[in-house]
1. When you look at ALA50, is it at negative phi and touching an Asp or Glu at 6+ places or on another chain (Cβ under 7 Å), yes or no?
2. Sort out which residues of region 44-80 are outside any helix (DSSP H, G or I), without any contact (Cβ under 8 Å) to a residue 40 or more places away in the chain and buried (at least 16 other Cβ atoms within 10 Å of the Cβ), and write them in order of number.
3. Which of the residues that make up region 1-44 are charged (D, E, K, R) and touching a strand residue (DSSP E or B) at 6+ places or on another chain (Cβ under 7 Å)?
4. Would you check which residues across region 2-30 are assigned to a helix (DSSP H, G or I) and surrounded by fewer than 18 Cβ atoms within 10 Å (Cβ to Cβ) and list them?
5. Out of all the residues in region 31-43, which are closer than 18 Å to ILE6 by Cα and either assigned to a loop (DSSP other than H, G, I, E, B) or not small (Gly, Ala, Ser) (or both)?
6. Select from region 18-48 the residues that are among the charged types (D, E, K, R) and under 13 Å from the mean Cα position of the chain (by Cα) and write down the one among them that is nearest to THR67 (Cα to Cα).
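Coordinate-derived values only; no laboratory data. It should be emphasised that the depicted structure is a prediction, and the values quoted were computed from it without experimental measurement. Note: ideal-geometry Cβ built from the backbone for every residue, glycine included; neighbour counts use all protein chains shown.
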Amino acid sequence: MESRKIYNRIAILRKEKSLTRNELADKVGVNFQTIGYLEREEYNPSLDLAFRISEVFELPVDLIFSTEPLTPLSQLLTKK
C-alpha cells in the first residue's frame, strides 16, 4: 500500500510561537532537518511524532495534520 501525503501547519505554528526549527526539534526529540522535511511535506511523521508536535503547540493533532490540503487558519477563524 502506498503512503498518503500528510499536509501540516507546522511552519506557521512554529513561527507563531517564535520557535526555530532547532528549538522545535529539541522539544520533540528529532533532528532539525526532520522539522524542515515535515514543513516541506517531504516526510510523513510517525503517529508518536505527530502527537509530540501537537503537545508542543497545545493543539489537537487534526488541527495540525491532515490527509487533505488544509484550509488556511484565517479562513477557519472567520468562517461562520
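1. no
2. Let us first name the residues in region 44-80 that are outside any helix (DSSP H, G or I), namely 44-46, 58-60, 65-72, 79-80.
Those still in the list that are without any contact (Cβ under 8 Å) to a residue 40 or more places away in the chain too: 45-46, 58, 60, 71-72, 79-80.
Of everything in region 44-80, just one residue is outside any helix (DSSP H, G or I), without any contact (Cβ under 8 Å) to a residue 40 or more places away in the chain and buried (at least 16 other Cβ atoms within 10 Å of the Cβ), namely PRO45.
3. First, pick out the residues of region 1-44 that are charged (D, E, K, R): 2, 4-5, 9, 14-17, 21, 23, 26-27, 39-42.
Within region 1-44, GLU41 is the sole residue that qualifies.
4. Keep residues of region 2-30 that are assigned to a helix (DSSP H, G or I), which gives 10-16, 21-28.
Hits for region 2-30 are ALA11, ILE12, LYS15, GLU16, ASN22, GLU23, ASP26, LYS27.
5. GLN33, THR34, ILE35, TYR37, LEU38, GLU39, ARG40, GLU41, GLU42, TYR43
6. Initial filter on region 18-48 (among the charged types (D, E, K, R)): 21, 23, 26-27, 39-42, 48.
When the remaining residues are screened for being under 13 Å from the mean Cα position of the chain (by Cα), the result is 21, 39-42, 48.
On the way: ARG21: 23, GLU39: 14, ARG40: 15, GLU41: 11, GLU42: 14, ASP48: 17 Å.
Within region 18-48, the match that is nearest to THR67 (Cα to Cα) is GLU41.
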